[in-house]
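The values are calculated or read from the model by the stated rules, or taken from the named source; none is laboratory data. This one's a predicted model, so the numbers in the text were calculated from it and none came from an experiment. When we count neighbours, we look across all protein chains shown, and the Cβ atoms used for this are built from the backbone with ideal geometry, even at glycine.
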Amino acid sequence: MRTFVSAVLGLLAVLLAVAAFCGAWLNTNVVSESGFVSLGEPLAQDEGFQRELASSLSAEAAGSVDVPAPLAGLVEPLITSAVEQVQTLPEYPEAWNETLRRSHALTFGDAAGGTAAALTLDVAPLVGLVTGSVGGELGVTVPAAEQVPVEIGGAGHAELIRNAERAGEAWPMLALAAAVAGLLALLAARRRTTAFALMGLGAALAGGVLWLAAGMVPGQVSAQQFGSPVASAFAEAFAGQAAASLRTWTIGLMLAGAAAFVAGMLARVLAGSRR
């Protein structure tokens, strides 16, 4: 009976630990503004996404430039030229990071107030670079737009955002529950060293499953339908970054589980040799 109780508690501890692990990753890399920006920062160098973003910027910038009628015919080629060169500007990396910060605020909103929305990019800082360049060429001042939202996900994705917030907030409690379950499993076990080793093995195997699952994320995102090419390109590129980050984290989980397994087995061998 003690062995059965210990096994159930040990399995519960592993499952809770995995849930806490996923919640901690979400909290650090998605729910947190700094983590979200760090995860999306490499997209400034992603050629496929930047190509689609340039098309979107052209349309948004054209709607933001209000110039006298005699100059209207000059605007379109100037916008095209500015968009082509905007990624080479020294201000572009910071403008992209500001875009990510604004997008995080738009997407997650006030979690406590339940105002989280579908993933939305606010490309106003990038449009500002384009319109500023066009205004400089025309010799006019182009007011900067406060917001230029580009919706990435549909209404159905808003619930995913809220669930990510909840999971990110819950990870400390999940980790505490996992520790309590693990301790109870050890107390109930006939051979505590074996129970400890098996929980470590379970954590390592769970890490391997998560590593495989993370690799499937980009493919799952690619299969989704999005409202525009830029939305699809961003979702696929961001999913690729997220998968790489999660896989890096899972390596640590697998190593920790393997270390616990080895330590438990060594302790069992040493305990047996003393009898």
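Remarks
- Taking the criterion of being within 30 Å of residue 51 (Cα to Cα) and touching a residue at least 40 places away in the same chain (Cβ under 8 Å), the residues of segment 237-275 that qualify are 237, 238, 241, 242, 245, 246.
- Members of segment 1-44 that are within 25 Å of residue 245 (Cβ to Cβ) and among the aromatic types (Phe, Trp, Tyr): 21, 25, 36
- Residues satisfying the stated conditions in segment 85-102, i.e. free of Cβ contacts under 8 Å to residues at least 60 places away in the same chain and outside any loop (DSSP other than H, G, I, E, B): 85, 86, 92, 93, 94, 95, 96, 98, 99, 102
- Selected residue (only one of 209, 217 is exposed (fewer than 15 other Cβ atoms within 10 Å of the Cβ), aliphatic (A, V, I, L, M) and part of a helix (DSSP H, G or I)): 209
- Pairs linking a residue in segment 180-197 that is without any contact (Cβ under 8 Å) to a residue 24 or more places away in the chain to a residue that is of a type in the set (A, V, I, L, M, F, W, C), with Cβ atoms under 6 Å and 6 or more positions apart or on different chains, are 192/186.
- Selection count where residues are among the hydrophobic types (A, V, I, L, M, F, W, C) and under 20 Å from residue 182 (Cβ atoms), scope segment 198-248: 9
- Any chance residue 257 is crowded, with 19+ Cβ neighbours inside 10 Å, of a type outside the set (Ser, Thr, Tyr) and within 22 Å of residue 10 (Cα to Cα): yes
- Among the residues of segment 58-77, none qualifies, meaning not one is under 19 Å from the mean Cα position of the chain (by Cα) and either modelled with pLDDT of 80 or more or crowded, with 18+ Cβ neighbours inside 10 Å (or both).
- Close pairs from segment 1-17: first touching a residue at least 12 places away in the same chain (Cβ under 8 Å), partner among the basic types (Lys, Arg) and part of a helix (DSSP H, G or I), Cβ under 9 Å, at least 6 apart: 6/192
- Evaluation of residue 179 against the conditions (1) modelled with pLDDT of 80 or more; (2) more than 30 Å from residue 7 (Cα to Cα); (3) part of a helix (DSSP H, G or I) shows that the sole unmet condition is (2).
- Condition check for residue 252: more than 30 Å from residue 58 (Cα to Cα), over 17 Å from the mean Cα position of the chain (by Cα) and surrounded by 19 or more Cβ atoms within 10 Å (Cβ to Cβ): no
- Evaluation of residue 136 against (1) at pLDDT below 75; (2) surrounded by fewer than 16 Cβ atoms within 10 Å (Cβ to Cβ); (3) in a loop (DSSP other than H, G, I, E, B) (one fails), failing number: (3)
- Test: residue in segment 36-47 that is buried (at least 19 other Cβ atoms within 10 Å of the Cβ), at pLDDT 80 or above and charged (D, E, K, R): yes
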